[in-house]
Each structure stands twice: as structure tokens, then as C-alpha cells.
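Comments concern the structure below.
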């Protein structure tokens, strides 16, 4: 499974931004990290043990951690590598966190409802850059802006590289000076840098 790089930026007074970061941080990692339990807590009654067919049959899937996580967080696992997120945090209005295989826009929408006076900008891209990238802005749980470039286009690749904070060359891509397309070093065009 590919890791998703998630970027969350809060537009608002610095003291309000810091309140949110304090509220959603992983208690073991610190500021700059995200603990999904701080947004939607996993209830105590959810079976958190080893998941097998007998456990699912006994408790029913929605009462076991895997299905509960999918239903309530939008992914199977809490934020990955919270210590890395905390290490990357520079003390400002933007944090980076990691999820396995999927973005968590509905969880961020819920956070936006919890903080109705703040604009939340949420961007994501897959580490493999071919999975597409997107950006959405929420205010009080409502989408105020969305940007989803067509996967495989130059705009999608550019957004992914911007989110990943990586140079395309590090992924084996460069921009052809004549066509403006991203070209993999093997020679396959993957999208125009301008479209």
C-alpha cells in the first residue's frame, strides 16, 4: 500500500491554530502530529484485539476496530508515523501527516465542523505520484473550494510534487523543454506541466 502525504493548513489567528493543533495531536508524538481519536474517538466497546473471522462473527464487523476505523475515519489505521509529523512541524499553521493508501477528507470535514470559524485547507498526494493529488477547503464542514486535477495530467503531477515537497527529478521525471510534458527518464510522457 502506498502512503498518502496529507497537508492540513488552518487559516485563522495563531492562537486559535495552536489550540486546534494541541487538541488533535498524538499524545505520544506532540505538536505537528494528528491522532484521529482526537477528532472521532474510537469507543471503548470496539474490539481492538487480534482480528480474525471468529472475532468478527462474535462481535459483528462494525464492532471490531477494522470496520469501525473504515466507517468513522475513512481508513483502516490512525495517522501513520506521528513522530515524523511532529519532527516536520515548524510551529506554524500547516502540518503534514501520513495515511495508508487513502486521504481522509471526511475526517477533516468533521474537524472543520468542530472549528466552524476557521478555514481548513486540506491537500493530499500519494508518495508514488501516480495516484493523483487534490485539494479542498472547508469552512464549518462545507466545501468552499476544491481542486482535483485529472490524474496523469501535468497539473496533477505538479500538485503532487508540490505536496510532496519534492523535485520531479527525485521521482525520475523531468519537464521536456519543448513539449512542456513531464517525461519519465525512460521516455514515457506523463502529462503537460502547463495543463
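A few comments on the model shown:
- Listed residues 60, 33, 112, most fluctuating in the chain (Gaussian network, C-alpha, under 10 Å): 60
- Highest mobility in the GNM of the chain, judged by mean-square fluctuation with C-alpha springs under 10 Å and restricted to 154, 32, 12, is found for 12.
- Tilt relative to the chain, helix 105-114 - C-alpha long axis, 0 to 90 degrees, to 10: 60
- Between the helical axis of 14-24 and the longest alpha-carbon principal axis of the chain there is an angle of about 60 degrees.
- Computed over the chain with a Gaussian network model linking Cα atoms closer than 10 Å, the most mobile of 31, 51, 111 is 51.
- Inter-part distance where the range 111-179 and the range 1-80 are each reduced to a Cα centre, Å: 22
- Here Cα Rg over 2.2 N^0.38 Å was calculated from the structure, and among [x] 1.14; [y] 0.98; [z] 1.07 it sits at label [x].
Values in this text are rule-based calculations from the coordinates and carry no lab data. Keep in mind that what you see is a predicted model, and the values were worked out from it rather than measured.
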